[in-house]
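Got a structure here, written out as structure tokens. Questions coming.
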Amino acid sequence: MSTLEGKRIVVTGATRGLGRGFALGLAAAGARLVVNGTNAALAEQVTEEIRAAGGTAEPVVGSVTDDSLAERLITTCVERYGGVDSVVNNAGIVRDRTLMNMTPDEFDEVIAVNLRGTWSVSRHAARAMKATGGHLLQIFSNSGFTGSIGQTNYAASKAGVMGMLYAWDVELSRFNIRTNALWPIAETDMTQVVFDMAKKRSEETGKPVPSAADLGFGTPETIAPLVVYLCSDRASHLRSQLFTFNGRKLALWSHPKETWIERKESWTLDELDAAMRNSEEKVYVVPM
């Protein structure tokens, strides 16, 4: 039996790049898919590619910013296949610009797709999974942790996705609904700027153009096996976990943990200053 034989999975943003690679990988592993994207021709193309390889897929065209479309993704999966086992919330966009130059529309567009769209699809999916359990896989980025120049909107959206991950684990674990998040490092349209910069540097220095692997990037095809695994029963013990994967190197992120600095009485400014300059790597009590 294939790894995902009989599994029913919705993949958003599945018509190109990572989403397409995820959809093809999931279908090859035996999953029955709902393929989502905003481009009808591309959605049909991916669907036909899956069917030609012996898989099962149904296209649903539209933007996850539309809550009625988000609901239709889930109802299509339920009506077509009898339920929904996993959702891969891959749909995402960038509108890069520095804080002082970013427009309100550029901020709102990214939040609408990356954050609200993930929330909307997951909300409808959770309702469908309540009686049977399931899995919600989100896509995050280190931008949400460490920031990135020109990506206030994107960083905010991905930090929000991580916040929802932890909230949903608390809310949904009693229904046996797991939620995890993946930061996939791969060569796609969204990361093309990295390769353009590398090519420019090579032209300036006369050195060979580095490959994707040289730059630490995988491909959608090399990332897909982790998505297949996380959507399988073999990963049923994994929940509320952040992963980074480039097809070769795999990282599991530690859960956030606070460091306490305690006094028995209120703090003076000098004491606050001394505490902030002390070691940040251990919990300690300020001497009284």
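The values are calculated or read from the model by the stated rules, or taken from the named source; none is laboratory data. For clarity, every value in this text was computed on a predicted model and none was experimentally measured. Here the Cβ positions follow ideal geometry from the backbone for every residue, glycine too, while neighbour counts run over all protein chains shown.
Is there a residue in segment 146-153 that is surrounded by 18 or more Cβ atoms within 10 Å (Cβ to Cβ) and either small (Gly, Ala, Ser) or within 14 Å of the chain's Cα centre (by Cα) (or both)?
For segment 146-153, residues surrounded by 18 or more Cβ atoms within 10 Å (Cβ to Cβ) and either small (Gly, Ala, Ser) or within 14 Å of the chain's Cα centre (by Cα) (or both): absent.
Let me ask another. Considering only residues that are part of a loop (DSSP other than H, G, I, E, B), of a type in the set (A, V, I, L, M, F, W, C) and at pLDDT 80 or above, which ones fall in segment 261-288?
TRP267
Taking ARG80, is it within 19 Å of the chain's Cα centre (by Cα) and not hydroxyl-bearing (Ser, Thr, Tyr)?
no
Could you identify the single residue in VAL34, VAL61 that is in the same structural domain as HIS135 (by TED's automatic domain parsing), modelled with pLDDT of 95 or more, aliphatic (A, V, I, L, M) and surrounded by 22 or more Cβ atoms within 10 Å (Cβ to Cβ)? Please lay out each step first, then the result.
Numbers: VAL61 fails: surrounded by 22 or more Cβ atoms within 10 Å (Cβ to Cβ).
One residue alone meets the criteria, VAL34.
Go through segment 95-130 and give me each residue that's among the hydrophobic types (A, V, I, L, M, F, W, C) and either out of contact with any strand residue (DSSP E or B) (no Cβ under 7 Å at 6 or more places or on another chain) or outside the structural domain of LYS158 (by TED's automatic domain parsing) (or both).
LEU99, MET100, MET102, PHE107, VAL110, ILE111, ALA112, VAL113, LEU115, TRP119, ALA128
Which count do you get for residues in segment 94-117 that are free of Cβ contacts under 8 Å to residues at least 60 places away in the same chain and within 25 Å of ALA27 (Cβ to Cβ)?
Residues meeting the conditions: 2.
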